[in-house]
1. Just need a number here: residues in segment 131-151 that are touching a strand residue (DSSP E or B) at 6+ places or on another chain (Cβ under 7 Å) and open to solvent by less than 50 Å² (accessible area, probe 1.4 Å).
2. Assuming Ala294 fulfils every condition listed in (1) open to solvent by less than 10 Å² (accessible area, probe 1.4 Å); (2) not in a loop (DSSP other than H, G, I, E, B) apart from one, which condition is it?
3. Tell me which of these Gly361 doesn't satisfy, since it passes every other one: (1) open to solvent by 30 Å² or more (accessible area, probe 1.4 Å); (2) closer than 24 Å to Thr247 by Cα; (3) at pLDDT 95 or above.
4. Could you check, for segment 318-336, whether at least one of its residues is at pLDDT 95 or above and within 16 Å of the ligand (Cβ to nearest atom)?
5. Select from segment 325-337 the residues that are over 17 Å from the mean Cα position of the chain (by Cα) and open to solvent by less than 60 Å² (accessible area, probe 1.4 Å) and list them in ascending order.
6. Quick one: would you say Ala101 is assigned to a helix (DSSP H, G or I), more than 16 Å from the ligand (Cβ to nearest atom) and open to solvent by 10 Å² or more (accessible area, probe 1.4 Å)?
7. If you take the residues in segment 344-357 that are away from the ligand (no atom under 11 Å from the Cβ) and open to solvent by less than 40 Å² (accessible area, probe 1.4 Å), which one is nearest to Asp243 (Cα to Cα)?
8. Examine segment 277-287 for a residue that is at pLDDT below 95, closer than 25 Å to Thr127 by Cα and polar (S, T, N, Q), and state whether such a residue exists.
Amino acid sequence: MNPTHMKNMTRSLGFGGCTLLASATAVVFQFAAAAVPATPALRAAFADDFLVGAALNPAQIDGRNAHAGEIAARQFSTLTAENDMKWQSVHPQPGRYEFKAADAYAEFAAKHDMKLIGHNLVWHSQTPAWVFQGEDGQPATREQLLKRMRDHIQTVAGRYKGKIKGWDVVNEALADGGPGILRDSPWRRIIGDDFIDQAFRFAREADPKAELYYNDYGLENEHKRSNCVKLVRGMIERGVPIDGVGTQSHFQLNSPSLADVEKTIKDLAALGVKVMVTELDVDVLPSRGNMGNADISRREQADASLNPYAAGLPDDVQEKLARRYADLFGIYLRHRKSITRVTLWGLDDGQSWLNGFPIRGRTNHPLLIGRDLKPKPAFFAVLKLGQASRP
Ligand code: XIL
């Protein structure tokens with residue numbers, strides 16, 4: 001590859017001008033030594049396979065971080081609001097809806113020919129306490145909470161009707177352990193186990209054309225996976241309108257195993273629903289255990305030894321990350337008939353929630369694009385696989 005070629009390629013990737021040249025030269029030669037592709041963007045490379053997306057934040061779509069916005073539009077065919085469509089953002093107080101931030105994602109998606117994913121309608125986290133309260137400090141009654149849920153879904157899903165490809169209708173309802181299948185959340189305590197069915201029925205009523213998804217983390221764990229299969233099978237048998245299941249896929253470098261990743265996709269696909277990878281990232285930092293538990297309320301004690309890459313990711317780990325992503329996308333491509341979308345949980349490492357979870361203030365490197373907004377070896381490893389998959 002000659003220097004002019006390289007310059008054109010890095011420019012057309014949407015990552016900007018020649019400053020990228022030196023670093024890209026090294027990684028491209030290492031991971032994508034083949035011919036210069038005509039359209040070197042993930043969304044084009046995977047166009048015949050599945051949608052590829054990223055979770056975005058307000059600064060990336062409203063022009064404050066215009067360069068990041070350009071990269072997102074160039075590289076991805078779908079976007080999810082990282083926080084701005086959650087209950088606490090769109091419906092902070094009883095009867096008061098705030099759609100300014102959420103609307104901006106719909107506009108950005110339309111402008112850049114990207115599909116918009118709604119995240120999410122019913123969840124136990126990032127939902128204000130008033131939602132579960134009744135009169136005089138008592139918990140809400142089943143009837144009160146069902147009405148609140150229906151009003152919320154009608155208003156929010158109704159607003160984006162025709163603009164949204166699909167909704168994460170219920171997020172993280174499964175328990176991580178213990179005897180029951182479902183998590184002991186206020187939704188379940190107050191309404192009962194049928195809160196999930198009800199949410200999906202309300203969502204279909206509010207937007208009959210949007211795809212409706214159940215979304216959760218840790219489905220690569222055998223116990224949780226089989227519970228998810230039971231849950232979704234039951235919904236299908238009861239005639240509940242569900243179109244797909246999202247496996248969030250908050251992964252580590254060595255966990256879960258590739259076999260478990262693949263088994264999860266196969267088991268979900270066997271239910272006859274669409275399968276989506278909805279929040280992919282690969283945590284490269286050491287952990288205290290609890291791997292695969294992405295419950296946002298989980299906190300671990302800080303310790304300097306758990307933040308080893310504050311000055312940058314060493315080459316050998318960078319390479320491991322690229323291999324991990326290549327292995328994962330290899331599986332996704334093998335199951336492209338069942339997988340309709342792969343979304344990364346963030347555009348670049350600087351934005352990633354894993355800098356703050358489960359320990360605040362660390363420097364993580366879990367995505368395909370660095371905090372300098374330049375593509376990492378993992379990016380080129382994934383791009384190369386996508387290009388090789390084209391007929
Ligand atoms: C995370 C966001 O990335 C953070 O910015 C926020 O502080 C907490 O929530 N599972 C989900 C996502 O379904 O909504 C979570 O997003 C990450 C775990």
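The values are calculated or read from the model by the stated rules, or taken from the named source; none is laboratory data. Model, not experiment: these values are computed from the prediction. FYI the Cβ positions are ideal-geometry reconstructions off the backbone, even for glycines, and counts take in every protein chain you see. Note: areas computed on protein heavy atoms with side chains; ligands, DNA, RNA excluded. Shrake-Rupley method; radii C 1.70, N 1.55, O 1.52, S 1.80 Å.
1. Of the residues in segment 131-151, 3 are touching a strand residue (DSSP E or B) at 6+ places or on another chain (Cβ under 7 Å) and open to solvent by less than 50 Å² (accessible area, probe 1.4 Å).
2. For Ala294, the exception is condition (2).
3. Single failed check for Gly361: (2).
4. Checking segment 318-336: not a single residue is at pLDDT 95 or above and within 16 Å of the ligand (Cβ to nearest atom).
5. Ala326, Gly330, Ile331, Leu333, His335, listed by residue number.
6. no
7. This residue is Leu344.
8. Checking segment 277-287: not a single residue is at pLDDT below 95, closer than 25 Å to Thr127 by Cα and polar (S, T, N, Q).
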